[in-house]
Amino acid sequence: MEKLSSISQDARRQLGIAVALITVIPALSIFYLAFASQGNRNPAAPALVMGIMSASIVLGYFLVTKYRDNLEEMIEERTAELQAINDQLQLEVEERRRVERLKDDFVSTVSHELRTPLAITREGVSLLIDGIPGPINEKQAKVLTTAKGNVDRLTRIINDLLDISKIEAGRMDIKHERIGVDKLIEHARVSLAPLAKQKGLRFEVHVPEESVEVFADEDRLVQVLNNLISNAIKFTKEGGVTVSVSVDDGSMRCVIEDTGTGISEDDMPRLFHKFVQIGRTHGAGRKGTGLGLVIAKNIVELHGGKIWVESELGKGTRFAFELPVYSEEQVLLGKIGDKVVNARQMEREFSLFLWELRYETDPTLGEAKQEALGRAIQHLLQTRAYLRSTDSLELRGDRQVILLAEVGRDNAPVVMNRWRQIIEESLRDVAAAIHISLVCGMAVYPYDGAESHELLESAEKNLA
Amino acid sequence: MKKVLIVDDEPEFADMISMRLEANGYDVITAGDGAEGLVKAREENPDLILLDVMMPNLDGFEVLKRLRNSPATADTRVVMLTARGETKSIFRGQELGVDDYLIKPCDSDELLAVCQKYCRLR
């Protein structure tokens, strides 16, 4: 699409000619009539000149209106083009939303359609085993127990498949809470220790004396532990499985070590991929779907951690994963993350506002003033003015206040200014004494970031 | 005797759960869809409502919203039956005032524990 200025070169020339016709020629004519005709005896000359002047003015006028029409036409065309582009974009956005909604509907519909007959069958078999419709004999109990076990197996397969489809649709959501790692391992131990015992394997757990905490989704982490530990048990004929936890530099590391068959170098790269099942399982152990490790890897990585394996054929295997230890920053990221999940599910926007107080901690200032600052910040956090019940205020360090508000891109600047006023008001008494300056940064989901750390980084980047 | 209302569009599922609950001393009423569920909730005044999320016409959320909007049923305990990890359900349910969730297929122990808890709270 050419710019208006370049198209109108022709039109400009027309305009130039028109201006000349309207101004220059009549001016020359008048000049001639006024002076040059003095000595001229030809009576036709003035009439001719007047005629030329009139013709010139009319022609000029005609050209000017043509130029104006031309311009109007170009503007109309341009507007129509922009309108068409806008409509196209609108359609694309709607289409994308529709696809996202289809994905969600697919997962929940399939989930429901598969689970309903499973739930009915499971409860039916369970009722029979418990003798509720009437007593049963030993053989019947055996048959029914086998059936129940396989209904559970079907449930596991369906859960795995649904997890994978959620992961691939970017829909696996983590609900964060503060949790002790020992509690998680205990969950896993309770479910799997009997299996180890059945195979005559030892099961050891080593955790540090001081409780290690992470900010994570309890169900999902237990899922990871169950997967890794049950694999370890499955692939070990004799010896045992050891689960150990250690902390190093803000990271929690959990290692699951076994004395089993080990994994060959050829098989290593295939491990964390879909539907890969390696080696023979020894004796008792649930048949897998080949999806467990892939799901485990995704869960660990969604928590901001990493997972890896070391093994040698015939010499056992060590699976390990690391997660950040619970800290306020983790909690903050978790809270922002929860907001992201909510916003995505509900197809809403939300904004992250970051205010940073910049001041010099002057030792001569005295404790009183520092305390006053602390109180002012606390007071600010308790002020719920203009906030909806779904908005939240968080403190980050002792200099940053973060507001998560359900406003979209259009209203964000207004909210930011309003809150800037509230903060400045709140700190007014203290500010003068400690020379505080206030800078703000803003990030809107989903425009400035789709994950919690992206939004935070974006807001930090535009602190001004 | 504590009264439980099951609102679920799968009559077989409702039958199984009823059998289990009746064997454990509960009085059970069932409704095959949301509209019937609302009527029975008002008429029977149950101690607990087990409410399926996925139903045609009036889905679980609609039913919950109407229950909460009506003074007669605003405080009735409601437990929603949903599929695992359907976070959207959980958010919406929380916004509308659900008391708890059960995930299908549910363990009979868990079902009984939940019923005991919420029937007692009344």
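The values are calculated or read from the model by the stated rules, or taken from the named source; none is laboratory data. This one's a predicted model, so the numbers in the text were calculated from it and none came from an experiment. Cβ: placed from backbone, ideal geometry, glycine included. Neighbour counts: every protein chain shown.
I'd like to know if region B:88-101 contains one or more residues that are closer than 23 Å to A:Asp130 by Cβ and away from chain A (no Cβ under 14 Å). Scanning region B:88-101, I find no residue that is closer than 23 Å to A:Asp130 by Cβ and away from chain A (no Cβ under 14 Å), so the answer is no.
Taking region B:1-101 and the strands (runs of 3 or more DSSP E) fully enclosed by it, the elements with 3 or more residues that are over 30 Å from A:Asp163 (Cα atoms) are at B:3-7, B:27-31. The set of residues in region A:77-97 being surrounded by 11 or more Cβ atoms within 10 Å (Cβ to Cβ) and under 30 Å from A:Leu161 (Cβ atoms) consists of A:Arg97 alone. Only one of the listed residues (A:Ile164, A:Ile158) is of a type in the set (A, V, I, L, M), assigned to a helix (DSSP H, G or I), more than 11 Å from chain B (Cβ to nearest Cβ) and closer than 30 Å to A:Val99 by Cα. That residue is A:Ile164. As a summary of the residue check, B:Asn45 satisfies the conditions (1) at pLDDT 90 or above; (2) on the phi < 0 side of the Ramachandran plot except for the one numbered (2). For region A:429-451, the set of residues classified as free of Cβ contacts under 8 Å to residues at least 12 places away in the same chain and out of contact with any helix residue (DSSP H, G or I) (no Cβ under 9 Å at 6 or more places or on another chain) consists of A:Ala432 only. What's the total number of residues in region A:421-463 that are in a helix (DSSP H, G or I), modelled with pLDDT of 85 or more and of a type in the set (D, E, K, R)? Residues that pass the stated criteria total 4. Cβ-Cβ distances below 6 Å connect the following pairs, each with a first residue in region A:118-129 that is at the interface with another protein chain (Cβ under 7 Å from one of its Cβ atoms) and under 8 Å from B:Met16 (Cα atoms), a second residue that is among the charged types (D, E, K, R) and surrounded by fewer than 20 Cβ atoms within 10 Å (Cβ to Cβ), and a separation of six or more residues or different chains: A:Ile120/B:Glu12. Yes or no: region B:72-80 includes at least one residue that is touching a residue at least 12 places away in the same chain (Cβ under 8 Å), crowded, with 21+ Cβ neighbours inside 10 Å and over 21 Å from B:Arg120 (Cβ atoms). There is no residue in region B:72-80 that is touching a residue at least 12 places away in the same chain (Cβ under 8 Å), crowded, with 21+ Cβ neighbours inside 10 Å and over 21 Å from B:Arg120 (Cβ atoms). List every residue pair whose Cβ atoms sit under 6 Å apart, with the two residues 6 or more apart in sequence or on different chains, where the first one lies in region B:4-31 and is at the interface with chain A (Cβ under 8 Å from one of its Cβ atoms) and the second, anywhere, is buried (at least 18 other Cβ atoms within 10 Å of the Cβ) and outside any helix (DSSP H, G or I). What qualifies is B:Ile17/B:Ile6. Anything in region A:220-262 that is more than 19 Å from A:Ser311 (Cβ to Cβ), of a type outside the set (A, V, I, L, M, F, W, C) and in contact (Cβ under 8 Å) with a residue 24 or more places away in the chain? List them, or say none. Selection gives A:Arg220, A:Gln223, A:Asn226, A:Ser246, A:Gly250, A:Ser251.
Considering only residues in region A:433-455 that are of a type in the set (Gly, Ala, Ser) and under 17 Å from A:Asn342 (Cβ atoms), the one that is surrounded by the fewest Cβ atoms within 10 Å (Cβ to Cβ) turns out to be A:Ala450. When B:Leu48 is tested against (1) within 14 Å of chain A (Cβ to nearest Cβ); (2) in contact (Cβ under 8 Å) with a residue 60 or more places away in the chain, only condition (1) is not met. Give all pairs with beta carbons closer than 7 Å in which a residue from region A:73-96 that is closer than 19 Å to A:Ala11 by Cβ meets a residue that is at pLDDT below 90 and in a helix (DSSP H, G or I); count only pairs at least 6 apart in sequence or on separate chains. Every condition considered, the pairs that remain are A:Met74/A:Leu4; A:Met74/A:Ile7. Go over the candidates A:Glu209, A:Glu265 one by one and state the one that is at pLDDT below 90, surrounded by fewer than 16 Cβ atoms within 10 Å (Cβ to Cβ) and farther than 30 Å from A:Gln330 by Cα. So the residue among A:Glu209, A:Glu265 that is at pLDDT below 90, surrounded by fewer than 16 Cβ atoms within 10 Å (Cβ to Cβ) and farther than 30 Å from A:Gln330 by Cα is A:Glu265.
For region A:110-140, a residue qualifies if it is surrounded by fewer than 18 Cβ atoms within 10 Å (Cβ to Cβ), closer than 16 Å to B:Leu102 by Cα and of a type in the set (S, T, N, Q), but none of them does. Restricting attention to region B:1-46 and to residues that are among the basic types (Lys, Arg) and more than 23 Å from A:Leu114 (Cβ to Cβ), the residue that is surrounded by the fewest Cβ atoms within 10 Å (Cβ to Cβ) turns out to be B:Arg42. Would you call A:Arg171 within 12 Å of another protein chain (Cβ to nearest Cβ), assigned to a helix (DSSP H, G or I) and of a type in the set (Lys, Arg)? Considered against the rule, which asks whether it is within 12 Å of another protein chain (Cβ to nearest Cβ), assigned to a helix (DSSP H, G or I) and of a type in the set (Lys, Arg), A:Arg171 comes out as no. Taking the residues in region A:227-244 that are small (Gly, Ala, Ser) and surrounded by fewer than 24 Cβ atoms within 10 Å (Cβ to Cβ) as candidates, determine which candidate is farthest from A:Ile299 (Cα to Cα). Only one residue tops the list, namely A:Gly239.
Just to be sure before I move on: is A:Val207 within 12 Å of chain B (Cβ to nearest Cβ), at negative phi and free of Cβ contacts under 8 Å to residues at least 40 places away in the same chain in the structure I sent? Spelling it out, it is not the case that A:Val207 is within 12 Å of chain B (Cβ to nearest Cβ), at negative phi and free of Cβ contacts under 8 Å to residues at least 40 places away in the same chain.
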